[in-house]
Amino acid sequence: MWVYDDARAALRDALRLSRAMTYKAAVADLPLGGGKGVIMATPAGGWPSDRRHAALLDFADTVAALDGRYITAEDVGTSSRDMSVIAQRTRHVAGLSRRRGGSGDPSAFTALGVEAAIQACCERAFGSDSLRGRTLAVIGLGHVGSRVATRCARAGARLLLSDVDQGKRRFAEDLRARWTAPERALESAVDVLVPCALGGFLDDRTVRRLQCRVIAGAANNQLADDRIADLLAARGIVWAPDFVVNAGGLINIAQELDGYDAARARRRVTGIADTLRHIFDDAESMDTTPLTAAMELARKRLVAR
C-alpha cells in the first residue's frame, strides 16, 4: 500500500515488484511464483481508517477470487493488523499472528537475511565476514531497517543511520550511531551501504558519487535499470542483488506451507549467505555481474520446476 501520483505509476510498481518476487522465490528455491499486489492510496495525508478498512476488504475479495493462485502477506505500507482484516474475506493470507496459526511479522526474518548477506559481501570484499569495526550506513529505519541496524550494532559495526522521518533520530541515539540525511548517507565514506527504504536510487548520477565498497540491503528494485549493475562492477563495488538479500521474509512465510517451524525458517534464512557466495563465484567464473549470475540461477530453477 503506497501513495502514487497516478494509476500508471502503481501498475509499473506492481510489474517491477512481481518480476523481483519471481526471481526472489526462484533463487531461494521456494515452491512459489512471483505475484505482487499494490493498493494505491490517495495522496496528501493517506486516508481515513474506514476507507483503509474498505480498501483492504476490496483487495481481500480480489485475492479470494484467485482461489489460491495468489497468497498475500504483510509488506510496505501494511501491517499484521491489516492482514487480519484481509483474512476476514479470504484464507489465502500468510504471516498472520502465531495465535492465528501464522508465523507473525516477517520483518525480523528479513533483517536476519540482510545481516547474513552483509557478512557474505564483507567476506568477498574484505576477506572476512566479521562486522566488528566495519562502518555501515543504513538508510531507512522502518520495520526491517531498524532491526538490521540493531543486529549489526550488536555484531560490533559502527553505524551511520538515516531516514526521512526525523523522529527516528532518537533510535540512532539509542544505538549510539551517527545521524545524517538520506542523500548524504548515500554518498558517505563507509564500508557497507545498507539501503532499506524504497528502490530505484542507484542510477548513473548516484553511482558516480558512491564511496562504499559493498551495497547490501532490503530495499526492492535498487537499480534504476539493469545496466547499473555493470557500472557498480566497473567501480569495484560488491553489490548483492536485492531480490536475494531481502528474501528472508518470504522464506519464513513459505515455511507455513509445510507446518511452521521457526528454527527451520531461521536456518534457511541464514542460508542466504551461502546463496550469495554461490552467485559471486558464478559471476566471477562467467566474467559477469552478480545480477546476471543471480538471474541465471533463477532461470535455471524456474526451468527445472
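The values are calculated or read from the model by the stated rules, or taken from the named source; none is laboratory data. These numbers were taken from a predicted model, which means no experiment stands behind them. Backbone-built Cβ (ideal geometry, glycine too); neighbour counts: all protein chains shown.
Worth pointing out:
- Restricting attention to segment 252-288, the residues that are surrounded by 13 or more Cβ atoms within 10 Å (Cβ to Cβ) and in contact with a Pro (Cβ under 9 Å, 6 or more places away or on another chain) add up to 8.
- Any hit, segment 79-98, residues being buried (at least 20 other Cβ atoms within 10 Å of the Cβ), of a type in the set (S, T, N, Q), touching a residue at least 60 places away in the same chain (Cβ under 8 Å) and not assigned by TED's automatic domain parsing to the domain that holds Asn221: no
- Of the set (1) touching a residue at least 60 places away in the same chain (Cβ under 8 Å); (2) outside the structural domain of Ser130 (by TED's automatic domain parsing), all apply to Arg267 but (1).
- Residue count, segment 156-210 (criterion: β-branched (Val, Ile, Thr) and touching a Ser or Thr at 6+ places or on another chain (Cβ under 9 Å)): 3
- Test: residue in segment 273-288 that is touching a residue at least 40 places away in the same chain (Cβ under 8 Å) and outside any helix (DSSP H, G or I): no
- Entry remark, segment 211-244: residues being out of contact with any Leu (no Cβ under 7 Å at 6 or more places or on another chain), closer than 21 Å to Ala149 by Cα and without any contact (Cβ under 8 Å) to a residue 60 or more places away in the chain number 1 in total.
- Enumeration of residues in segment 188-217 that are at pLDDT 95 or above, assigned to a loop (DSSP other than H, G, I, E, B) and closer than 16 Å to Ala294 by Cβ: Ala216, Gly217
- Taking the numbered list (1) surrounded by 18 or more Cβ atoms within 10 Å (Cβ to Cβ); (2) more than 25 Å from Arg151 (Cα to Cα); (3) among the small types (Gly, Ala, Ser); (4) not assigned by TED's automatic domain parsing to the domain that holds Arg147 in turn, Ala294 passes all entries but (4).
- So Ala185, is it not in a helix (DSSP H, G or I) and not assigned by TED's automatic domain parsing to the domain that holds Leu17: no
- Candidates in segment 149-172 are the residues that are in contact (Cβ under 8 Å) with a residue 40 or more places away in the chain and out of contact with any strand residue (DSSP E or B) (no Cβ under 6 Å at 6 or more places or on another chain); of these, the one that is farthest from Ala108 (Cα to Cα) is Ala155.
- Applying the set (1) assigned to a loop (DSSP other than H, G, I, E, B); (2) outside the structural domain of Gly140 (by TED's automatic domain parsing); (3) of a type outside the set (Val, Ile, Thr); (4) closer than 19 Å to Gly34 by Cβ to Tyr260 leaves exactly one unmet item: (4).
- Hits in segment 213-240 (condition: over 18 Å from Ala116 (Cα atoms) and either assigned by TED's automatic domain parsing to the domain that holds Val76 or small (Gly, Ala, Ser) (or both)): Ala224, Ala229, Ala233, Ala234, Gly236
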